[in-house]
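Only one structure is covered here, and it is reproduced in the block below.
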Amino acid sequence: MSIERGSATRFLIIDDHPLFREALHSAVELAYPDSDALDAASLEDACELLDDDEGFDLALLDLSIPGVTGMDGLLHLRAHYPRLPVVVVSGSEDAPIAAQVMAYGAAGFIPKSSKKATLAHAIQQVMNGVTYLPDKYSAANDEPLDDVTRDMIERLSSLTPQQIRVLRMICNGLLNKQIAYELQVGETTVKAHVSEILRKLGVSSRTQAVIEVKKLEALGTAEPFDTSATAHPGEKPVSQHS
């Protein structure tokens, strides 16, 4: 079942659950017996490993890791390590989540309920350059997004994690002073973030930014901006890239 490669394949497993990390290690070993796999229990730990060593072939990411909301982790990895393929391994089996994951540039989506052989097969498919999505999700991913929607998704993907937090709070109706309090930063810093967010999204006001996010939410493609979630006081950026 393994594929011949010139050098050892290297994987980064990003998951805070020890038992599932073991399960992923087992699947990786089945697919590539001579591979090397490292663990990270948080996005911050993963970024430290990636900053120290860019020699990873594939990352396996759990969306629900500490300090990350919605697609924040995937967005961060795609924005700051664009050459690293990322496969999302999720406890959620909802078709809209799978569609969102793929829209935000993941190389594959694998439910955590999958058997080890399925996990191994999916890993091999992605390593061979094939985007992996289980058959039952294919229909949800068949309808193409229009150019305007894809453009806005790309713009959102260019936001840093801290800018995503600020945008989420804007969508929750928080004023700059309130955002500054939540993030424990100066109001001037928040204003700078807001200006950069508007520039990156190509809009001229906070209201327009919220409207664009709501449009994506209506299409099921804006999970990162779940309005039930806000940053907590003292929350730190996930890495130096924030």
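Structural remarks
- For K215, the lysines whose Cα falls under 27 Å of its own Cα, not counting residues fewer than eight places away in the same chain, are K136, K177, K191, K200.
- Largest-first ellipsoid semi-axes for segment 23-106, taking √(5λ) over the Cα gyration tensor eigenvalues, angstrom: 20, 16, 12
- Local electrostatic count, K191, Cβ distance below 14 Å [Lys/Arg +1, Asp/Glu -1]: +1
- FRET E, pair L175, L19, Förster distance 45 Å, beta-carbon r, rounded to 0.05: 0.55
- Computed from phi, the 3J(HN,Hα) profile of segment 102-107 under the Karplus parametrisation 6.51, -1.76, 1.60 (θ = phi - 60°) reads 5, 5, 8, x, 5, 7 Hz, with x in place of Gly and Pro.
Every read-out reported here was derived from the displayed coordinates using simple, explicitly stated rules and does not represent laboratory data. Predicted model only: the values in this text are computed from it and were never measured. Glycine gets a Cβ as well: all are built from the backbone with ideal geometry, and neighbour counts include every protein chain shown.
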